[in-house]
Amino acid sequence: SEARAAMREEYADYLATRQRDLVRTGVVRVETRGDRLDVAAAGEVPGRPLDQFAFDEHEGTLRVATTVPRVRNAESRNDLYTLDAGSLTVEGSVRDMAPGQRVFAARYVEETAYVVTFRRVDPFHVVDLSDPSDPEELGQVRLPGFSTYLHPVDESHVLGVGRGNGSAKVTLFDVSDPAEPTVADERPLADGWSAVAESHHAFLLDRRHGVAFVPGSSGGHVLDYTGGELSVETVVRTDRPATRARYV
């Protein structure tokens, strides 16, 4: 009936206007006092964080990247919140990064956040956190596929490991100009899977030699990332999926 349809529409509008109130994440600061653990402060932010890399504390400010799930006609939202690390009160936020997508990776380097969101394309966002009360998205670059792990390799580049066109892929982002980040290079791997997608411990960076080790389903790939380019130095073939590499 028309009345029922009107009620459904009004309910959908009600949910959309309160989207950030429906799913929230609690944050608790626990202090150690001798052999006791005491709750010193509690706060909350809308949405859900992806993993431990969605959180970071820097000089008294806690930063949290979240995804607010889709509800009825309202698309999912991606936000980044800054909180006072002592009181856990929200100081500022950047909201609505790539509506309709969700956070796939996050990484913080001092006063800058790098966030990957994804649905059909992979926007790589650069957020300025130098003023916790007024964080600002400076720029983004869009590319096919997505990154599930980000790792800063030098002052101007961030390396992303993820997937694209059905295979594992490594992307080198140039962030020397935060307002206009670019894809310096990308390298598809001859593997459909990488253990980095399940654990960041699978990734190994060797800054001394300028290489990174990325495991794949048929071996381990050693990639040179220097000079703003990605090149395969060698591939260590294995009879099972490679999972880790360590120096001894």
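Details
- Members of segment 34-46 that are farther than 30 Å from V103 by Cα and either open to solvent by 100 Å² or more (accessible area, probe 1.4 Å) or among the β-branched types (V, I, T) (or both): D35, R36, L37
- Looking only at segment 205-248, residues that are over 25 Å from D174 (Cβ atoms), in contact with a helix residue (DSSP H, G or I) (Cβ under 9 Å, 6 or more places away or on another chain) and β-branched (V, I, T) come to 1 in all.
- Any hit, segment 193-205, residues being more than 26 Å from E136 (Cα to Cα) and part of a strand (DSSP E or B): yes
- Filtered residue count, segment 12-33, keeping only those that are of a type in the set (D, E) and either open to solvent by 100 Å² or more (accessible area, probe 1.4 Å) or not in a strand (DSSP E or B) (or both): 2
- Some residue of segment 71-82 being part of a strand (DSSP E or B), open to solvent by 50 Å² or more (accessible area, probe 1.4 Å) and touching a residue at least 24 places away in the same chain (Cβ under 8 Å): yes
- Filter pass, A190 being at pLDDT below 95 and either open to solvent by 30 Å² or more (accessible area, probe 1.4 Å) or assigned to a strand (DSSP E or B) (or both): yes
- Being buried (at least 16 other Cβ atoms within 10 Å of the Cβ) and at positive phi holds for only one residue in G145, G166, G160, G216, and it is G145.
- Taking the numbered list (1) open to solvent by 30 Å² or more (accessible area, probe 1.4 Å); (2) assigned to a strand (DSSP E or B); (3) modelled with pLDDT under 95 in turn, R208 passes all entries but (2).
- Verdict on R63 being of a type in the set (K, R) and open to solvent by less than 20 Å² (accessible area, probe 1.4 Å): yes
- Within segment 45-66, the set of residues being without any contact (Cβ under 8 Å) to a residue 40 or more places away in the chain and either part of a strand (DSSP E or B) or of a type in the set (V, I, T) (or both) comprises P46, R48, F55, E57, L62, V64.
- For segment 1-52, the tally of residues that are within 25 Å of D79 (Cβ to Cβ), among the hydroxyl-bearing types (S, T, Y) and modelled with pLDDT under 90 stands at 3.
- Scanning segment 211-227 for residues that are outside any strand (DSSP E or B) and within 16 Å of T148 (Cβ to Cβ) yields G216, S217.
- Residue list for segment 98-119, restricted to those being within 14 Å of R70 (Cα to Cα) and of a type in the set (A, V, I, L, M): A98, V103
- Segments classed as strands (runs of 3 or more DSSP E), wholly inside segment 136-187, with at least 2 members that are of a type in the set (A, V, I, L, M, F, W, C) and over 17 Å from A202 (Cβ atoms): 136-144, 167-174
- If only residues of segment 97-132 that are modelled with pLDDT of 95 or more and among the acidic types (D, E) are counted, the one that is farthest from G164 (Cα to Cα) is D131.
- Sole exception among (1) part of a strand (DSSP E or B); (2) under 23 Å from H125 (Cα atoms) for L37, by number: (2)
The values are calculated or read from the model by the stated rules, or taken from the named source; none is laboratory data. Only a predicted model underlies this, so the values are computations on that prediction, with no experimental measurement involved. Backbone-built Cβ (ideal geometry, glycine too); neighbour counts: all protein chains shown. Just so you know, the surface numbers come from the protein's heavy atoms only, side chains and all, with ligands and any DNA or RNA stripped out. Shrake-Rupley method; radii C 1.70, N 1.55, O 1.52, S 1.80 Å.
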